[in-house]
There are 2 protein chains.
Amino acid sequence: MPRKRSLQPRLAAKPSMENKSIGVGLMGIGVIGGQVATVLTERANMLSENACCPVVLRKIKVIESDLDRPQARAMPASLLTTDEDEFFNTPGLDIIVEVIGGEHPAFEYQKRALKAGKHVVTANKEVIAKHGAELLELAAQNGVSIRYEASVGGGIPLVAPFQRDLIANKINGIYAIINGTTNFILSTMAREGTEFATALSQAQKLGYAEANPRNDLEGIDASYKIAILATLAFRSRVRPEQVFHEGISRLSRRDFQYARELGFAIKLLAIAKQTGSEIEVRVHPVFLPADSFLAKVDGVYNAVLVDGDLTGQVTFTGKGAGALPTSSAVAADVVECARFLASGRTSPVWQAGEIKTIKPMSQVVTRYYIRMGIADQPGVLAQIAYALGANNIGIASVIQKETASDQTAEIVIMTYPAREEAMQAAFADFKKLPVVKEVHNFVRVEV
Amino acid sequence: MPRKRSLQPRLAAKPSMENKSIGVGLMGIGVIGGQVATVLTERANMLSENACCPVVLRKIKVIESDLDRPQARAMPASLLTTDEDEFFNTPGLDIIVEVIGGEHPAFEYQKRALKAGKHVVTANKEVIAKHGAELLELAAQNGVSIRYEASVGGGIPLVAPFQRDLIANKINGIYAIINGTTNFILSTMAREGTEFATALSQAQKLGYAEANPRNDLEGIDASYKIAILATLAFRSRVRPEQVFHEGISRLSRRDFQYARELGFAIKLLAIAKQTGSEIEVRVHPVFLPADSFLAKVDGVYNAVLVDGDLTGQVTFTGKGAGALPTSSAVAADVVECARFLASGRTSPVWQAGEIKTIKPMSQVVTRYYIRMGIADQPGVLAQIAYALGANNIGIASVIQKETASDQTAEIVIMTYPAREEAMQAAFADFKKLPVVKEVHNFVRVEV
């Protein structure tokens, strides 16, 4: 063996292939786009070495108002254009990186790129969740690929493991903390005993929550991401509108107090399970045993637990957002596309298969935590137990705290596993019971 | 979009390519080999669909004594051969899967396969750690690839993330629990307060430790694995003999008691760091802060924390051994090879680069936990502090427990960061101090 040699991959392509440079066009120069531009230019040598051919950033599509941003001004002016046609007609663009975000015009841009025979790399969870199947089909028709590792979990490898490393497994389930904003808020509420509004404004001050945080708080962002992962894991399209989602704004400090008392943590979990020929996909707050792996993932960290029938439980954690981690995933996808281009491989397409049924939320079975205000009088618990029992729901445990001054007591019930529709029917029955003043909250329990 | 279609990858190759089947030859039908054979046959359809071409197990090389094992008898007799030449001369073998384990004859078999222009998939950490560079070079010369995802961390994706997903990062460090046997023993000692020998025999009874567990206990197994990961992460060859390794057998229940008292857990950690142009690679027991991620990884689970400059800390956990997880990684590599073969791509090779220097262990800087027996008399601590100070080692904290009946006291010292050679010099100085009866143990501290 020769000494003083290290191991760098390159493709043993013909010399002419080796010298062909791969051109990248970048769409968007926001916080993410600026960082992607930095990585593509400052690490060009390293990326080229790994791609087995020179990788060159050739053009950046920006909007007028971005031209004055520092990250745009840091780029040579000749690279920037506000004109869509000029961008797409730039000679030698092989790969289009879309990091504009949002559904439109990102979706149209991606389609235009694919139709023009260009590979697409995107960090856009919304476009991939909503239009991934169409884009993959379009890519196949045009002999190119579309890669979206950055669309879920920032720099954590998640898309590629499902496409390759876990391919021999039947995936039983995915259990994921994949929204940093909500995990930060829930961690703050748990640690500091604050109410939701306080924790939210703290997250906003620290830049972990947007001014309009609805997509994060309501579980919409997480529903895009779990739709993408479930589609990969179960090899059956899961549309984001098929994902049941419920947000975290209903949670109060009292729920966290009871959770701790009962040995649980509260997390916003994205769950995708395969049972028989049915798929279950949902995003909502859950009670998780305090000593479980996911219960201990705090702050803006993301964690994805994958249960494969061969691997058993495999987990992936890391920062799920931010410019640096996202640029890592985007650059890896660019290198993968470039390797592909340099090697002259034929292109991957997606073929038709069977679509699995999504189980309606009404049929989902979990245990429940229920916190309610009741009249402080004898026989109340019997009435509640009767209403639950009439709906086939068993009580696992009860906590009743001392009476408040207004003659209303608070009661917390942990149920045995129950079907969602039965639980909802019980809530409807509670409304007819004068002794039940209010169902303050309920949270599903995952064990 | 057509409905009732799901997303299955296939390569848009020419029809003739699509129909070409890929033949697999399996070497070894032990516990791992039997499971690999099961996956390759029972999941042939699923794997073929993902490989974009039929993947067929064509021959299995066994040794005489394996012919009677249930996993061998479960295979059609026509697939089995004890003859090496017959095996390699089987028509239509494109991929050789080596799961024999051990250095010889596995290394020779892999070389023979590569020279014959066959792709190699292996789970063999020892061969890859010791001879990976040579094998990669040989693969390149023959236009084929060698894949070894299963050599580290069982079913946890670890090799592929370094080869692809984290490629744009400068890897600052890897911190890994990558030996299930030792982690099980340490977890047992921590949880049950047992001594090493008791925990070991418990592990042996449960099948988590081999009858001759030396490779695991002495950190040799972990040193192979971290050599493989460090080579990938730093793109510079790290030979297993360059990895400092120290085992766990010196640890006693008293060390665990002090660790808990001081807020630490004890783990056998494999560490690879890049500082400047130097690489630091070592395997030894460490004190880890009890609330750190790796401190909470218990039992036979493996966990690898990768610190990338873009991603930040990304962690991967799962079962690091066992037939099922290993078969998952092997099958994924087989599919990757088959995709490659089906697409008619050019093959990846490894090109020369710069070899980085491995920092000698004597120059490594850590904090230290030291437990020693001392004479129970005035002025002892001053003498010890003087000996440490003379070697430029500062004391961060001291615990001195009550005197034992033999007039010997036990003292525990936590130092500030010190160079290994200074610490070893201090230990030599202690030997000259009559008041130091014995240095019972020392453990490096990672924070």
Report the antiparallel proportion of the DSSP beta bridges in chain B as a percent, rounded to a multiple of 5.
70
Structure-based [θ]222 nm, chain A - -39500 (n - 2.57) summed over DSSP H runs of at least 4, per residue, nearest 500:
-10500 deg cm²/dmol
Would you mind telling me which residue in A:Ala160, A:Ala409, A:Ala203 has the biggest mean-square fluctuation in a Gaussian network model of chain A, where springs connect alpha carbons within a distance under 10 angstrom?
A:Ala409
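Just to confirm a number: summing +1 for Lys and Arg and -1 for Asp and Glu over residues other than A:Met361 whose beta-carbon lies under 14 angstrom from that of A:Met361, what do you get? Show your work: numbers first, answer last.
Details: positive: A:Lys273, A:Arg282, A:Lys359, A:Arg419, A:Arg444; negative: A:Glu241, A:Glu246, A:Glu278, A:Glu280, A:Glu420, A:Glu421.
The answer is -1.
Let me have the relative contact order for chain A, percent, based on Cα pairs under 8 Å that are six or more residues apart. Display every interim value, and only then the final one.
Numbers: 915 pairs, mean separation 73.6, N = 447.
Contact order relative to length: 16 percent.
Past the 21 angstrom mark, what percentage of all C-alpha to C-alpha distances in segment B:363-445 do you count?
On the way: 686 of 3403 pairs.
More than 21 Å apart: 20 percent of the Cα pairs in segment B:363-445.
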Of the options A:Met189, A:Val297, A:Tyr416, report the single residue whose Cα projects farthest towards the positive end of the charge dipole of chain A (beta-carbon charges: Lys, Arg +1; Asp, Glu -1).
A:Val297
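Going by how many other beta carbons lie within 10 Å of each one, how would you line up B:Asp291, B:Asp255, fewest first?
Numbers: B:Asp291 11, B:Asp255 24.
Ascending Cβ contact count within 10 Å gives the list B:Asp291, B:Asp255.
Which pairs, out of B:Lys118/B:Lys296; B:Lys61/B:Lys319; A:Lys359/A:Lys431; A:Lys125/B:Lys170, put more than 31 Å between their alpha-carbon atoms?
Listed pairs above 31 Å: B:Lys118/B:Lys296.
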Hey, what do the phi angles of segment B:172-181 turn into as Karplus ³J(HN,Hα) couplings, whole Hz, using 6.51/-1.76/1.60 and θ = phi - 60°, x for Gly and Pro?
6, x, 10, 10, 9, 9, 10, 9, x, 4
Working note, segment A:223-371: Cα radius of gyration (Å, one decimal) and Dmax (Å, whole number) are 18.5, 61
In Å, the Kirkwood hydrodynamic radius from C-alpha pairs for chain B sits at 24.0
Table column - 3J(HN,Hα) (Hz), segment B:81-89, Karplus curve with 6.51, -1.76, 1.60, x for Gly and Pro:
8, 9, 9, 4, 5, 4, 4, 5, 8
Compare the Cα positions of B:Ile248, B:Gln407, B:Leu388 along the charge dipole of chain B (+1 at Cβ of Lys, Arg; -1 at Cβ of Asp, Glu; about the Cα centre) and return the one farthest towards the positive end.
B:Ile248
What order do you get for B:Ser249, A:Ser78, B:Ser145, A:Ser151 when you list them from fewest to most C-beta neighbours inside 10 Å?
A:Ser78, B:Ser249, B:Ser145, A:Ser151
Grab the alpha carbons of the protein assembly as shown, take their convex hull, and tell me the volume per residue in Å³.
202
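With a 10 Å Cβ neighbour count serving as the proxy for reagent exposure, in which order, fewest first, do A:Met189, B:Met414 appear? Present the calculation step by step, with values, prior to reporting the outcome.
On the way: A:Met189 23, B:Met414 18.
Fewest to most other Cβ atoms nearby, the residues stand as B:Met414, A:Met189.
Each reported figure results from applying straightforward, stated rules to the coordinates on display, with no laboratory input. These numbers come from a predicted model, not from an experiment. Neighbour counts run over all protein chains shown; Cβ positions are idealised from the backbone, glycine included.
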